[in-house]
Amino acid sequence: MPLPKIAVVILNWNGKKFLQQFLPSVLSSTYPNYEVIVADNGSSDDSIPFMEQTYPAVSLTRFDHNLGFAKGYNKALIQVEADYYVLLNSDVEVQPGWLEPMARLLEDDPSIAACQPKLLSFHDKKLFEYAGAAGGWMDKYGYPFAKGRVFDTCEEDHGQYDEPEPVFWASGAALFIRARVFHEMRGFDEYFFAHQEEIDLCWRIQLAGYKIYSCPASVVYHLGGGTLPRGNSRKTYLNFRNNMIMLSKNLPLSRKIWILPFRVLLDLVSAAKGLLSGDGGYFIAVIRARLAFVKWWLLDKKKSVFPVSKKGVLYGISDKNIAWQYFVKKKKTFPEIVGKTK
């Protein structure tokens, strides 16, 4: 049997310096049946001339303006024929054999729709990286965290998460997914633009009866913050807005009616804390996100992709409030909060 085809698709926006630095590692991958595609999201730097002159054999898809992560990938992937997609940030360094473990994991278990490699920090390769670490989880109030990363605390990698396990979400920085399932789910919710669209997609995938997994046998190194650094007001706004939209879309009514009001309260406390600490930009971003959620609820819900009707099993949800555990009880790591997962 021929090996399944893998398409590694890099969505680029003004990332010429990242393509220069990290694309060579991707092109050194040892998997026999893969291709690399760069989808340019309306870059205004020299990304396109650089690709055309330096890597003329690499497929290049162009958009005339920035469509965001969600719509950019949706439009790019509809043009790509492959068995598996890898959605890879431009600021990720990979190892030559990074594709094989993920392909093997999904080939061996048809119930797994997507997975992620172990994400370590490019700047400190002993540390897990913020954007997904060893696999994403969520607490019962909708706050995302990861094995190896809770809020801003990133653990050292000592092999503590080296077993493949079901998780709630796989990082959009290096998302390995069945092409058929991606399209079955109608891709990302384009209303999100960027941030947490991969969590929403993974939630919908699980509701459809599939699983999301970590695949720590594959290791990549993520620079992080290449487009919008942590703490950026635009990023804060999108994260808070999109998280509430995601909860509203995917939670059952019995939980939605109390979790959404409670989250509004928690987020307002967070905004007030930011204001009192002198971060007015954070305060304004959270308030704008709350207002934008109301606008979405009243006017724009029809623009979002909603879950399928099936009810699958959800993995990777903690029954604790990680904000309380982290900030009040001072539990800073995944094992302290969640304990053993097997």
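The values are calculated or read from the model by the stated rules, or taken from the named source; none is laboratory data. Please read all numbers here as calculations on a predicted model, not as lab measurements. Neighbour counts run over all protein chains shown; Cβ positions are idealised from the backbone, glycine included.
Results for (1) assigned by TED's automatic domain parsing to the domain that holds Leu99; (2) buried (at least 23 other Cβ atoms within 10 Å of the Cβ); (3) under 30 Å from Ile78 (Cβ atoms), shown as yes or no for each residue.
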{"position": "Leu120", "(1), (2), (3)": "yes, yes, no"}
{"position": "His123", "(1), (2), (3)": "yes, no, no"}
{"position": "Leu127", "(1), (2), (3)": "yes, no, no"}
{"position": "Ala131", "(1), (2), (3)": "yes, yes, yes"}
{"position": "Met138", "(1), (2), (3)": "yes, yes, yes"}
{"position": "Asp152", "(1), (2), (3)": "yes, no, no"}
{"position": "Glu155", "(1), (2), (3)": "yes, no, no"}
{"position": "Pro164", "(1), (2), (3)": "yes, no, yes"}
{"position": "Tyr191", "(1), (2), (3)": "yes, no, yes"}
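In this structure, is Lys147 buried (at least 16 other Cβ atoms within 10 Å of the Cβ), in contact with a helix residue (DSSP H, G or I) (Cβ under 8 Å, 6 or more places away or on another chain), touching a residue at least 40 places away in the same chain (Cβ under 8 Å) and among the charged types (D, E, K, R)?
Working: buried (at least 16 other Cβ atoms within 10 Å of the Cβ): yes; in contact with a helix residue (DSSP H, G or I) (Cβ under 8 Å, 6 or more places away or on another chain): yes; touching a residue at least 40 places away in the same chain (Cβ under 8 Å): yes; among the charged types (D, E, K, R): yes.
Here the answer is yes, as Lys147 does meet what is asked.
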Taking Asp267, is it at pLDDT below 95 and under 25 Å from Leu207 (Cβ atoms)?
yes
Where Leu260 falls short, out of the listed (1) in contact (Cβ under 8 Å) with a residue 24 or more places away in the chain; (2) surrounded by 17 or more Cβ atoms within 10 Å (Cβ to Cβ):
(1)
Qualifying residue in the stretch 178-190 (condition: β-branched (Val, Ile, Thr) and either at pLDDT 95 or above or over 30 Å from Val328 (Cβ atoms) (or both))
yes
Condition check for Ser214: more than 23 Å from Lys303 (Cβ to Cβ), in a loop (DSSP other than H, G, I, E, B) and in contact with a Gly (Cβ under 8 Å, 6 or more places away or on another chain):
no
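Tally the residues that are surrounded by fewer than 24 Cβ atoms within 10 Å (Cβ to Cβ) and either at pLDDT 95 or above or among the polar types (S, T, N, Q) (or both), restricting the search to the stretch 217-242. Before you say what the answer is, go through the steps one by one.
Quick first cut of the stretch 217-242, residues surrounded by fewer than 24 Cβ atoms within 10 Å (Cβ to Cβ) only: 217, 219, 221, 223-235, 237-239.
Next, only the ones that are either at pLDDT 95 or above or among the polar types (S, T, N, Q) (or both) stay: 217, 219, 221, 223, 227, 232-233, 237-239.
Looking only at that region, the number is 10.
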Within the stretch 275-305, can you find the residues that are in contact (Cβ under 8 Å) with a residue 60 or more places away in the chain and part of a loop (DSSP other than H, G, I, E, B)?
Ser304, Val305
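What number of residues within the stretch 128-150 are aromatic (Phe, Trp, Tyr) and part of a strand (DSSP E or B)? It would help to see each step written out before you state the result.
Start the filter on the stretch 128-150 by keeping residues that are aromatic (Phe, Trp, Tyr), which leaves 128, 130, 137, 141, 143, 145.
This time we only want the ones that are part of a strand (DSSP E or B), so: 128, 137, 145.
Total satisfying the criteria: 3.
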Please tell me if Glu197 is surrounded by fewer than 22 Cβ atoms within 10 Å (Cβ to Cβ) and farther than 20 Å from Pro101 by Cβ.
no
It is to be established whether one or more residues within the stretch 112-127 are in contact (Cβ under 8 Å) with a residue 40 or more places away in the chain and assigned to a helix (DSSP H, G or I).
no
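In the stretch 78-101, is there at least one residue being without any contact (Cβ under 8 Å) to a residue 60 or more places away in the chain and either surrounded by fewer than 24 Cβ atoms within 10 Å (Cβ to Cβ) or in contact with a helix residue (DSSP H, G or I) (Cβ under 8 Å, 6 or more places away or on another chain) (or both)? Before the answer, list the steps.
Keep residues of the stretch 78-101 that are without any contact (Cβ under 8 Å) to a residue 60 or more places away in the chain, which gives 79.
Now narrow it down to the ones that are either surrounded by fewer than 24 Cβ atoms within 10 Å (Cβ to Cβ) or in contact with a helix residue (DSSP H, G or I) (Cβ under 8 Å, 6 or more places away or on another chain) (or both): 79.
Checked the stretch 78-101: at least one residue is without any contact (Cβ under 8 Å) to a residue 60 or more places away in the chain and either surrounded by fewer than 24 Cβ atoms within 10 Å (Cβ to Cβ) or in contact with a helix residue (DSSP H, G or I) (Cβ under 8 Å, 6 or more places away or on another chain) (or both).
Given the residues Phe293, Phe262, Phe306, Phe240, which is the only one that is out of contact with any Gly (no Cβ under 7 Å at 6 or more places or on another chain) and under 27 Å from Phe128 (Cβ atoms)? Lay out the reasoning, then the answer.
Details: Phe293 fails: under 27 Å from Phe128 (Cβ atoms); Phe262 fails: under 27 Å from Phe128 (Cβ atoms); Phe306 fails: under 27 Å from Phe128 (Cβ atoms).
Matching residue, one of Phe293, Phe262, Phe306, Phe240: Phe240.
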Being surrounded by 15 or more Cβ atoms within 10 Å (Cβ to Cβ) and farther than 23 Å from Glu165 by Cβ is the filter here, so list the residues in the stretch 308-325 that pass it.
Val308, Ala323
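Looking only at the stretch 102-121, which residues are of a type outside the set (Ser, Thr, Tyr) and out of contact with any helix residue (DSSP H, G or I) (no Cβ under 9 Å at 6 or more places or on another chain)? Full working, then the answer.
We begin by selecting, within the stretch 102-121, every residue of a type outside the set (Ser, Thr, Tyr); these are 102-110, 112-120.
Of everything in the stretch 102-121, those that are of a type outside the set (Ser, Thr, Tyr) and out of contact with any helix residue (DSSP H, G or I) (no Cβ under 9 Å at 6 or more places or on another chain) turn out to be Met102, Ala103, Arg104, Leu105, Leu106, Glu107, Asp108, Asp109, Pro110, Lys118, Leu119, Leu120.
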Would you call Lys5 closer than 21 Å to Ala170 by Cα and touching an Asp or Glu at 6+ places or on another chain (Cβ under 6 Å)?
yes
In the same structural domain as Trp169 (by TED's automatic domain parsing), at pLDDT 95 or above and touching a Phe, Trp or Tyr at 6+ places or on another chain (Cβ under 7 Å): which single residue out of Ile245, Ile259, Ile212 fits that description?
Ile212
Kindly indicate the residue of the stretch 326-342 that is free of Cβ contacts under 8 Å to residues at least 40 places away in the same chain and closer than 20 Å to Phe168 by Cα and also surrounded by the fewest Cβ atoms within 10 Å (Cβ to Cβ) among those meeting that condition.
Lys340
